[in-house]
Amino acid sequence: MVKIIAFAGSGRKDSINKKVVKVAAKGAEEAGAEVTIVNLEDFNMPIFNEDLEAEKGMHEGAQRFKEMLMQSDGFLISSPEYNSSYSALFKNAIDWASRKLDNEKPLEAYKGKVAGIMAASPGALGGMRVLVTLRMLLENIGTMVLPTQKSVAKAMDKFDENGQITDEATEKALKNIGKQLVETCQKLKA
Ligand SMILES: Cc1cc2nc3c(=O)[nH]c(=O)nc-3n(C[C@H](O)[C@H](O)[C@H](O)COP(=O)(O)O)c2cc1C
């Protein structure tokens, strides 16, 4: 069975990106994958610093996050757009999980994996610009990114007060990213 790790690049309690990634995760589950949704805040990763790593070794939360990525076939990521790019929370997690223990291969968490990417913002562009930087980053560390992506504009208007999606076209597009991710992973595993 295809295994997917899904997460948002925001740790905010009421994050719109957390809601968006959940919809895509549902699409992946409906396509037959085992999906684990994680909250990056839960790993409590300190800001990466090579001195800290040399002194204390791999951070326990970072190692846990990295192992989850290593054991998966693909990722669903919805990123907020902060000043046209991704959040520090997201990049910090990516940097930590790019560090290897002696028994691991370089970039083992990322190489050969596939990602479906999304962005959501209250603005009219829906965080479209972060998708460019996100795609570039992931491809550079060995993760293939699906050509189909989705930025959700005026995202707060597309969910109700219980966090359920209300806009049918957006729901369809997000679920389709989940489905395409699973189908691509299945083909790569075959
Ligand atoms: C530091 C900072 C920079 C931001 N820059 C942008 C931006 O460039 N484009 C945009 O559409 N929204 C921008 N926003 C607004 C975010 O899209 C908004 O806060 C969004 O809700 C964050 O995602 P979240 O709900 O998943 O936490 C920015 C917010 C912060 C805090």
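The values are calculated or read from the model by the stated rules, or taken from the named source; none is laboratory data. Everything numeric here is computed off the predicted structure, so don't read it as measured data. Reconstructed Cβ throughout: ideal geometry from the backbone, glycine too, with neighbour counts over all protein chains shown. Calculation scope for accessible area: heavy atoms of the full protein, side chains included, ligands and nucleic acids excluded. Shrake-Rupley method; radii C 1.70, N 1.55, O 1.52, S 1.80 Å.
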**Message:** Using each residue's phi in segment 144-152, evaluate 6.51 cos²θ - 1.76 cosθ + 1.60 at θ = phi - 60° and report the 3J(HN,Hα) Karplus result to the nearest Hz, with x for Gly and Pro.
**Reply:** 7, 10, 4, x, 6, 9, 8, 10, 9
**Message:** Over the chain, with a Gaussian network built from C-alpha contacts below 10 Å, which listed residue (176, 162, 39) shows the highest mean-square fluctuation?
**Reply:** 162
**Prompt:** Ignoring ligands and nucleic acids, what accessible area does residue 14 show with a 1.4 Å probe (Å², nearest 10)?
**Reply:** 90 Å²
**Asked** How large is the dipole of segment 3-189 about the Cα centre if only Lys and Arg carry +1 and Asp and Glu carry -1, each at its Cβ, rounded to the nearest 20 debye?
**Response** 500 debye
**Request:** Among 130, 72, 182, pick out the residue whose Cα is farthest towards the positive end of the charge dipole of the chain, where Lys and Arg carry +1 and Asp and Glu carry -1 on C-beta, about the Cα centre.
**Result:** 182
**Complete:** Ranked by GNM mean-square fluctuation in the chain (Cα springs under 10 Å), the top entry among 151, 84, 121 is 84
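Give me the net charge of residue 76's neighbourhood, meaning all other residues with Cβ under 15 Å from the Cβ of residue 76; Lys, Arg count +1, Asp, Glu -1.
Details: positive: 3, 18, 19, 22, 26, 113, 135, 150, 175, 179; negative: 29, 30, 34, 73, 171, 183.
Result for the local shell: +4.
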**Request:** Using only Cα atoms, tell me the angle between helix 88-97 and the longest principal axis of the chain; keep it within 0 to 90° and round to the nearest 10.
**Result:** 50 degrees
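Rank these residues by their accessible area, most exposed first, probe 1.4 Å: 172, 150. Don't skip to the answer; put the middle values down first.
Values: 172 155, 150 60 Å².
Largest accessible area first, the list is 172, 150.
Which percent of the accessible heavy-atom area of segment 3-189 goes to carbon and sulfur, probe 1.4 angstrom? Intermediate results must be reported in sequence, preceding the final value.
Working: 4590 of 9320 Å².
Solvent-exposed carbon and sulfur of segment 3-189 make up 49 percent of the total.
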**Prompt:** Using a 1.4 Å probe, how large is the accessible area of residue 98, given in Å² and rounded to the nearest 10?
**Reply:** 40 Å²
**Asked** Where Lys and Arg each count +1 and Asp and Glu each count -1, what net charge lies around residue 46 among other residues with Cβ under 12 Å from its Cβ?
**Response** -4
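Can you compute the helix-only [θ] at 222 nm over the chain? Use -39500 (n - 2.57) per DSSP H run of at least 4 residues, normalise by all residues, nearest 500 deg cm²/dmol. Provide the component values of the computation, followed by the final result.
Numbers: 6 runs with 78 residues, N = 190.
When only DSSP H runs of four or more count, the value is -13000 deg cm²/dmol.
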**Prompt:** What list of ³J(HN,Hα) values in whole Hz, one per residue of segment 169-183 in order, does the Karplus curve 6.51 cos²θ - 1.76 cosθ + 1.60 (θ = phi - 60°) give from phi, with Gly and Pro shown as x?
**Reply:** 5, 5, 4, 4, 5, 5, 4, 5, 5, x, 5, 4, 4, 5, 5
**Complete:** Residues whose modelled amide H sits under 5 Å from the amide H of residue 115, counting only those 5 or more places away in sequence or on another chain, are 75, 144, 145, 146
**Fill in**
Taking alpha-carbon centroids only, segment 173-190 lies from segment 117-160 a number of Å equal to 17 Å
**Complete:** Charge tally for neighbours of residue 163 with beta carbon under 12 Å away, counting Lys, Arg as +1 and Asp, Glu as -1, is +2
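Rolling a 1.4 angstrom probe over the protein heavy atoms, how many square angstrom per residue are accessible across the chain? It would help to have the intermediate numbers written out before the result.
Values: 9600 Å² over 190 residues.
On a per-residue basis, the chain sits at 51 Å².
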**Fill in**
Phi angles of segment 6-20, converted by Karplus (6.51 cos²θ - 1.76 cosθ + 1.60, θ = phi - 60°) into ³J(HN,Hα) in whole Hz with x for Gly and Pro, give 10, 7, 9, x, 10, x, 4, 3, 9, 4, 5, 5, 5, 5, 5
**Message:** Taking every DSSP beta bridge with both residues inside the chain, roughly what % is antiparallel (nearest 5)?
**Reply:** 10 percent
**Request:** Kindly express, to the nearest 10 degrees and within the range 0 to 90, the angle between helix 128-140's C-alpha long axis and the longest C-alpha principal axis of the chain.
**Result:** 30 degrees
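Send over the Kirkwood Rh of the chain, from the inverse of the averaged 1/r over different Cα pairs, rounded to one decimal Å.
Details: mean 1/r = 0.0605 Å⁻¹.
Result for the chain stands at 16.5 Å.
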**Item:** For residue 159, residues with placed amide H under 5 Å, excluding near neighbours
**Value:** 166
**Request:** List every residue whose amide H lies under 5 Å from the amide H of residue 82, counting only residues 5 or more places away in sequence or on a different chain, with H placed 1.01 Å from N in the peptide plane.
**Result:** 87
